[in-house]
Every structure is written in structure tokens, then in C-alpha cells.
Amino acid sequence: MRRFFIAPEQMHQARPFLGEEDARHVRRVLRLQPGTAIVVFDGTGVEYEARIDAVEDRQVRIALVRPLASGSESALEITLAQAYLKDKKMDQLVRRLTELGVTRWLPFMAQRSIPSPDEKRGQARHQRWQKIAQEAVKQCRRSRPMLIETPVSFAEAMEISRTCDLKLFFWEGPQTQPLQRPTGQPLPAKVFVMIGPEGGFDPAEQRAAQSQGFHMVGMGPRILRAETAAVAACTLVQFLFGDMGQNVLDKG
């Protein structure tokens, strides 16, 4: 069934309706008719099976049929702190990370990041990222979009990481170790992942992270582009500690 986002307050209305953009898509592209079964979600974890009641000139009204249990959200909370990259790279990352089940995305300014955008442009980019995340949720069947934070400094990212029980600093330096699942220890509930900019982390940033309890982690002998490293790191974390491979490991 097709999936559509509706505002949380619509879940409590007598006759809820789809947002303007989705309604236009239903009318002009999908050409769905009254009676068609769909799935709606409000971005807070609530999902319903619904049906289209009326396709009007400016609205598509729906009826909620029954609540659905969503099993697509990972129990592992992953925060990815990503050093600022060029525009298109950041846009592409939002979609990929949403698909991987990342909980929170924290852009930050590293010493080697490209210059940060001004306030107006920064707000526009943040809104664009939120829209991309919401669209990705429809495709990958998550029940809520990835939380996208406003950009922070490296020092602020270090402070935010304090609430996580596993902190990983991915870089290409010689002091790194491969990421492994520890034996005889409980799995972490909250993982904080840091990925650098196109030019890599400055050595001072590596020392600062290590002093804050970060594990220095590498991803093999090849140098990955920053956007590739972010996807690879989150895939590894989700496989080792989340819902992508845990059952396979437990049975082994």
C-alpha cells in the first residue's frame, strides 16, 4: 500500500486529510480513487491503515481504519555527527541515513570543513534536509523521520556525545582499531558516530575526541570519501549492535 505523511493533529480529526503536496500527487500522478487502501503515519511512530474517502479539487480526505504496529524502527539509537560537506553530498546523506535507521543527524563544523553558510541559507538547507528525510521515510517504511539538528561546533558535538554509552571516532590515522562486537558485554543502547569533512579531521580534533572517551575506529586500508564513510560506519554499527545482523550473530 502507498504510504503518506499526515500531521499529528490530523490523527484526531473526524475527517483527516492529506497534505497539499501528497494530495496533488494522489490526484495528478497516482490517480488513486475513493476506496483505495493506503497507510498514513504522523512522524511520531503512529501508523494507521486508512482508505481514501474523497478526492476533491484541493484535498484528499481519508478515513482511518485501524492502527498498525510498526516494526521498522531500530531499538538502537544512532547519532551521526557529520562534519559539514558540500551541499549535494549532505542532501544525499540525509536519504541514505534515514534508510539505515539513524535516529539523529548532527551536522557540525570541523576545522577543515568548507565555510559554513549564512543564517538564511543555513535555515533553507535545514528545511530541505527535513523534507528529504520525510520523503525517504515513505520509501523505506520507517514510522518516523530522522531527527535533523541545526549545525553545531566541534566542541558542542563533544558535549552532546556525553549522553551516549558508545562513542566512535572514524578516521584514517594509525592509532585506529577495527570495529568489533564485544563478547560478554551488553550491547550499547545509544551510539555516537563522528565522521570528518572532505579533508579529514585535524589531529587536534582526534586528540580532543580521544580525551573524551571516543574509540578510534578505522574502516580498512582504503581511504573512503566522507559521504561513503558515513554510510559505511552507520551500516557497521547497525549490523553489529542494531537490527541489520544481530540475530545472525546471536545464532552463530
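Tabulated data for the structure shown
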read-out: Subset of region 74-90 (residues that are loosely packed, with under 15 Cβ neighbours inside 10 Å, touching a residue at least 24 places away in the same chain (Cβ under 8 Å) and not aliphatic (A, V, I, L, M)); value: K86, D87
read-out: Subset of region 100-124 [crowded, with 17+ Cβ neighbours inside 10 Å and not polar (S, T, N, Q)]; value: L100, G101, V102, R104, W105, L106, P107, F108, M109, A110
read-out: Unique match (being modelled with pLDDT of 90 or more and either touching a Leu at 6+ places or on another chain (Cβ under 6 Å) or among the aromatic types (F, W, Y) (or both)) among A83, A63, A50; value: A50
read-out: Failed item in (1) without any contact (Cβ under 8 Å) to a residue 40 or more places away in the chain; (2) farther than 17 Å from R144 by Cα; (3) surrounded by 12 or more Cβ atoms within 10 Å (Cβ to Cβ); (4) of a type in the set (D, E), with D42 passing the rest; value: (2)
read-out: Count of residues meeting criterion [in contact with a strand residue (DSSP E or B) (Cβ under 8 Å, 6 or more places away or on another chain) and either loosely packed, with under 11 Cβ neighbours inside 10 Å or not β-branched (V, I, T) (or both)] in region 164-191; value: 17
read-out: Residue within region 216-228 that is of a type in the set (S, T, N, Q) and without any contact (Cβ under 8 Å) to a residue 40 or more places away in the chain present; value: yes
read-out: Residue count for region 10-29, restricted to those that are within 29 Å of the chain's Cα centre (by Cα), closer than 15 Å to A54 by Cβ and of a type in the set (A, V, I, L, M, F, W, C); value: 4
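The values are calculated or read from the model by the stated rules, or taken from the named source; none is laboratory data. Keep in mind the model is a prediction, meaning the values are calculated, not measured. Here the Cβ is made from the backbone with ideal geometry for all residues, glycine too, and neighbour counts use every protein chain on show.
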